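Encoded as structure tokens, the structure appears first; notes follow it.
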Amino acid sequence: MFRVPSKLSTLAAGSCLSKRGLVDLAKLSSLVDIKPEVREALVKKPQSVVALESTIITHGMPYPQNLETALEVEEIVRKKGAVPATIGVVNGRVKVGVTADELKVLARVDKESTLKTSRRDLAYVVSRKLNGGTTVAGTLVIANMVGIRIFATGGVGGVHRGGEQSLDISPDLIELGRSPVAVVSSGVKSILDIPKTLEYLETQGVCVASYQCPDKEFPAFYFPTSGCKASFNLNNPVEAAELLSANNSLGLQSGFLIGVPLPEEHAIDRKLIEDATEQALSDAGQNAVGGKEMTPFVLAAISLHTKGRSLESNIALVKNNASVAAEIAVQLSRLENEGGAAKSCSQRAPVVIGGSIVDTCITVKDDEWKVNKFTLATLSAIVSMNHYHSVSK
């Protein structure tokens, strides 16, 4: 008799399976709260959940655009058939899926008392019972913790200009190298050194792919093109889902960066952004702005310089990336839950294999065996029926 592994039987009690092992939601830290909508999806179809970061709410956009965008992005994900999970920290509690009220807290909270939360900051923010907007790196840590494999954002951090001297390199890149999560973004923020960032991602083992760009052109946040090439191109959500599924089946622990270009109608004049960026970086140097405060400072300065046009583009690309991520999530769920070729054994429903055993006893009444054609035919028929039998005298 085939016995179903005992760990599979716990799935219904609140666990989700992945190639790297069973993610038992019941055994997560008591400091992590999972929204019921997200918990149900993680148990039934974990591939359908799309993680969303919260730094874009706390530090990336002004109020009320930040709150409006966050709500709209979640709705975009739902309409595509996936489940949104905005990740953040509220009053020292790690939230995987925030409520509408919690979104309002993060959107309206004093930015001075709310920390940008990466891996290094997470324990401090939780222990001090503070609010935190999780960065790409911070969101990756938590998404991987609960088994979420797809994450949508605006743009990831990278190697800062002059990073060869300052060593100012975003932890987003390191987390991408050790989290089997696909980050769907409009590439790397254009205020950074994109060629050096791509080199660093290669060193970290991160698969970088363009999306629906046959020439593999890698996007540059505000611009559809950067002049840099990705390693691969994904033509549609199905190809992206197959890539993620193969990564999971191989047990690789590195992630993906899928670069989705900003739609042309939302692109901004490149010279306008470059001039604004140079001025913002100069101002940052004069005001001794650095570290994790650099990116919010520069983005705010660019928005001011472009009279809000850069903010409009930022909102548009976040929505577009969320839509693409949701489409990939839906395809990944279909591939791994509905008979796709790449589905692994660990993700199929358990199958119990058994059999019926019939003992056939033949008693020979005569003192001697008299074997004839009839006797042989009878015994042959019994054997061919896969019955077990014994002969007694």
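Here are the numbers for the structure shown:
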quantity: Any hit, region 147-159, residues being more than 11 Å from the chain's Cα centre (by Cα), among the polar types (S, T, N, Q) and crowded, with 24+ Cβ neighbours inside 10 Å; calculated: no
quantity: Answer residue from region 101-113, given it is farther than 10 Å from V90 by Cβ and either buried (at least 16 other Cβ atoms within 10 Å of the Cβ) or of a type outside the set (D, E) (or both) and is modelled with the lowest pLDDT among those; calculated: K111
quantity: Which listed residue is open to solvent by 60 Å² or more (accessible area, probe 1.4 Å) and at pLDDT 95 or above, from K307, K196; calculated: K196
quantity: In region 85-97, the residues that are crowded, with 24+ Cβ neighbours inside 10 Å and either without any contact (Cβ under 8 Å) to a residue 60 or more places away in the chain or touching a Leu at 6+ places or on another chain (Cβ under 7 Å) (or both); calculated: A85, T86, I87, G88, V89, V94
quantity: Selected residue (only one of S185, S170 is open to solvent by less than 10 Å² (accessible area, probe 1.4 Å), touching a residue at least 12 places away in the same chain (Cβ under 8 Å) and not basic (K, R)); calculated: S185
quantity: Count of region 25-54 residues which are outside any loop (DSSP other than H, G, I, E, B) and of a type outside the set (A, V, I, L, M); calculated: 10
quantity: Selected residue [free of Cβ contacts under 8 Å to residues at least 40 places away in the same chain and not acidic (D, E)] from A82, A70; calculated: A70
quantity: Lone qualifier among I150, I174 - being over 21 Å from A325 (Cβ atoms) and among the β-branched types (V, I, T); calculated: I174
quantity: Selection within region 284-304 - open to solvent by less than 50 Å² (accessible area, probe 1.4 Å) and part of a helix (DSSP H, G or I); calculated: A284, G291, M294, T295, P296, V298, L299, A301, I302, S303
quantity: Residue match in region 20-33 (condition: of a type in the set (A, V, I, L, M, F, W, C), at pLDDT 95 or above and surrounded by 15 or more Cβ atoms within 10 Å (Cβ to Cβ)); calculated: yes
quantity: Test: residue in region 252-274 that is part of a helix (DSSP H, G or I), touching a His at 6+ places or on another chain (Cβ under 9 Å), in contact (Cβ under 8 Å) with a residue 24 or more places away in the chain and open to solvent by 20 Å² or more (accessible area, probe 1.4 Å); calculated: yes
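The values are calculated or read from the model by the stated rules, or taken from the named source; none is laboratory data. This is a predicted model, so every value here is computed, not measured. A quick note on method: Cβ atoms are made from the backbone with ideal geometry, for glycine too, and the neighbour counts reach across all protein chains shown. Remember, those area values only see protein heavy atoms, side chains included, never the ligands or the DNA or RNA. Shrake-Rupley method; radii C 1.70, N 1.55, O 1.52, S 1.80 Å.
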